[in-house]
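**Student:** Could you have a look at this structure, given as structure tokens, before my questions?
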Amino acid sequence: MLAYSYSQYGSADVVSRIEVPTPIAKPDEVLIRVVATTVSAGDWRARSLTMPKGLGLLGRLVFGITGPRKPILGTEFSGIIDKVGSEVSTFQAGDAVIGFPGASFGAHAEFITMPADGKLTKKPDTVSFAEAAAIPFGGTTAYDFLVNKAKLKSGDRVLINGASGSVGSASVQIAKHLGAKVTAVCSGKNTDLVQKLGADRVIDYRTESIVEDGVQYDMVIDAVGTLPWSQAQHAIRPGGKMVLIAGKTSDMFFGGLKATIKGKKMVGGVATESREIVEAVVDLAAQGILRPVIDRRYAFDDMRAAHAHVDTGRKMGNVVVAVMPKVSTEIAMNTKDLVNV
Ligand SMILES: NC(=O)c1ccc[n+]([C@@H]2O[C@H](COP(=O)([O-])OP(=O)(O)OC[C@H]3O[C@@H](n4cnc5c(N)ncnc54)[C@H](OP(=O)(O)O)[C@@H]3O)[C@@H](O)[C@H]2O)c1
């Protein structure tokens, strides 16, 4: 099968096309033909080894000391089950699925294997393969931080910094669904987008101050890493929370203490990856509550260009790569449509 791999950390140029044996599903696994995948911030971080200041060594411990430990990137995908292992009864060949290998990577390939009881669920018919591929990374991160970790409530006033990214755009939609009043921070060009996603108010970070005199929120979410605690604290009401999805190293390590001293809370860490959370966000997508934002679509041949676009740091929502541009009913036995991804 064809796949994209990298053997050293660096720019999009380190990604190259290779031919490798198609993996074989173990008895408890399924083999999936990938239809669409994305280049996510997770791929960018692992490939470029861009880490918050002082965490370069930690990055190498996670991604590989002398070079990448997982040479095939790709954190999320949509696809069609090709073969099931002998012990698998929950999926059958032809099922359309959404998978989230996440930190295990491996979706930038024509085929991938996953445990049948892993982060894998059936694709709703109402969601296209392209949209489906773009649900897990941003959707599960937003869901885990807002719902599970920070316990956002109806009526909460929330500020979301980085609202136009993959995590930010999912956060705006999930926060609105939960009944929050959302102020979204993005650059002027993305104002329309975040308003369409449901934001009640928009702050253009290029021309306005994010922290405004006298305006306080129940929760401030940083989904891009440009709003340090030193600034954010002034926008959080007493007893309110900062949700640090991305941020400065000192805030990651000492933010909890700094917040407690000020009578506030800091919620941070790494998003939990689980099948339950994937199912929860796919269910929201099936109901039309979470619509993944797609910025650009690339052909599989143009994987490097997709990486290069993500490297600009300006992507709007998600960047989708069509691995199999047309899905025939013959392959997707349980999918009614002949789809252009
Ligand atoms: N803690 C965890 O477990 C976890 C999990 C997933 C992701 N993350 C991290 O979360 C961050 C966001 O991920 P993502 O996938 O959402 O990234 P992304 O989609 O690549 O973010 C790109 C967006 O960021 C916006 N942006 C850039 N600079 C900005 C600024 N100064 N202020 C406000 N918005 C700005 C850009 O909009 P403009 O063009 O308008 O500037 C663009 O739309 C990454 O650092 C990622 O590593 C953490």
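The values are calculated or read from the model by the stated rules, or taken from the named source; none is laboratory data. Model, not experiment: these values are computed from the prediction. Virtual Cβ from ideal backbone geometry, glycine too; neighbours counted across all protein chains shown. Only protein heavy atoms, including side chains, enter the accessible area calculation; ligands, DNA and RNA are left aside. Shrake-Rupley method; radii C 1.70, N 1.55, O 1.52, S 1.80 Å.
**Student:** Looking only at residues that are over 19 Å from ALA142 (Cα atoms) and in a helix (DSSP H, G or I) in segment 191-205, which one is nearest to the ligand (Cβ to nearest atom)?
**Tutor:** THR191
**Student:** Please count how many residues of segment 219-267 are part of a loop (DSSP other than H, G, I, E, B) and either within 15 Å of the ligand (Cβ to nearest atom) or at pLDDT below 95 (or both).
**Tutor:** Qualifying residue count for the region: 10.
**Student:** Mind checking which residues of segment 244-279 are of a type in the set (A, V, I, L, M) and open to solvent by 80 Å² or more (accessible area, probe 1.4 Å)?
**Tutor:** Across segment 244-279, the qualifying residues are MET252, LEU257, ILE261, VAL270.
**Student:** Let me spell it out: the conditions are (1) in a helix (DSSP H, G or I); (2) within 14 Å of the ligand (Cβ to nearest atom), and ALA175 meets all of them except one. Which number is the exception?
**Tutor:** If we test ALA175 against (1) in a helix (DSSP H, G or I); (2) within 14 Å of the ligand (Cβ to nearest atom), just (2) comes out false.
For every residue, the table says whether it meets (1) at pLDDT below 95; (2) open to solvent by 40 Å² or more (accessible area, probe 1.4 Å).
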{"residue": "VAL281", "(1), (2)": "no, no"}
{"residue": "ASP301", "(1), (2)": "no, yes"}
{"residue": "ALA305", "(1), (2)": "no, yes"}
{"residue": "THR312", "(1), (2)": "no, yes"}
{"residue": "VAL323", "(1), (2)": "no, no"}
{"residue": "LYS326", "(1), (2)": "yes, yes"}
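**Student:** Spot the failing condition for TRP229; the list is (1) open to solvent by 40 Å² or more (accessible area, probe 1.4 Å); (2) free of Cβ contacts under 8 Å to residues at least 60 places away in the same chain, and only one is missed.
**Tutor:** In the conditions (1) open to solvent by 40 Å² or more (accessible area, probe 1.4 Å); (2) free of Cβ contacts under 8 Å to residues at least 60 places away in the same chain, TRP229 misses (1) alone.
**Student:** In the set VAL320, VAL270, VAL310, VAL282, which member is within 12 Å of the ligand (Cβ to nearest atom) and in contact (Cβ under 8 Å) with a residue 60 or more places away in the chain?
**Tutor:** Being within 12 Å of the ligand (Cβ to nearest atom) and in contact (Cβ under 8 Å) with a residue 60 or more places away in the chain holds for just one of VAL320, VAL270, VAL310, VAL282, which is VAL310.
**Student:** Related question: What number goes with the only condition from (1) within 18 Å of ILE289 (Cβ to Cβ); (2) more than 12 Å from the ligand (Cβ to nearest atom); (3) free of Cβ contacts under 8 Å to residues at least 60 places away in the same chain that LYS151 does not pass?
**Tutor:** LYS151 satisfies every listed condition except (1).
**Student:** For segment 69-84, state whether one or more residues are crowded, with 23+ Cβ neighbours inside 10 Å, touching a residue at least 12 places away in the same chain (Cβ under 8 Å), under 19 Å from the mean Cα position of the chain (by Cα) and more than 22 Å from VAL127 (Cα to Cα).
**Tutor:** Among the residues of segment 69-84, at least one is crowded, with 23+ Cβ neighbours inside 10 Å, touching a residue at least 12 places away in the same chain (Cβ under 8 Å), under 19 Å from the mean Cα position of the chain (by Cα) and more than 22 Å from VAL127 (Cα to Cα), which makes the answer yes.
**Student:** From the list GLU208, GLU131, GLU212, exactly one residue is within 12 Å of the ligand (Cβ to nearest atom) and charged (D, E, K, R). Which is it?
**Tutor:** From the options GLU208, GLU131, GLU212, the qualifying one is GLU208.
**Student:** For residues in segment 283-299 being within 10 Å of VAL319 (Cα to Cα) and among the aliphatic types (A, V, I, L, M), which is least open to solvent (accessible area, probe 1.4 Å)?
**Tutor:** VAL293
**Student:** Go through (1) surrounded by 19 or more Cβ atoms within 10 Å (Cβ to Cβ); (2) among the charged types (D, E, K, R); (3) over 20 Å from the mean Cα position of the chain (by Cα) and name the single condition ASP144 misses.
**Tutor:** Result: ASP144 passes all but (3).
**Student:** Can you give me the ranges of the strands (runs of 3 or more DSSP E) entirely in segment 77-156 with at least 3 residues that are modelled with pLDDT under 95? Full working, then the answer.
**Tutor:** On the way: elements: 77-84, 96-99, 111-115, 120-122.
Fully inside segment 77-156 and qualifying: nothing.
**Student:** Quick check: is even one residue across segment 187-195 under 28 Å from GLY54 (Cα atoms), among the aliphatic types (A, V, I, L, M) and under 18 Å from the mean Cα position of the chain (by Cα)?
**Tutor:** No; the residues of segment 187-195 include none that is under 28 Å from GLY54 (Cα atoms), among the aliphatic types (A, V, I, L, M) and under 18 Å from the mean Cα position of the chain (by Cα).
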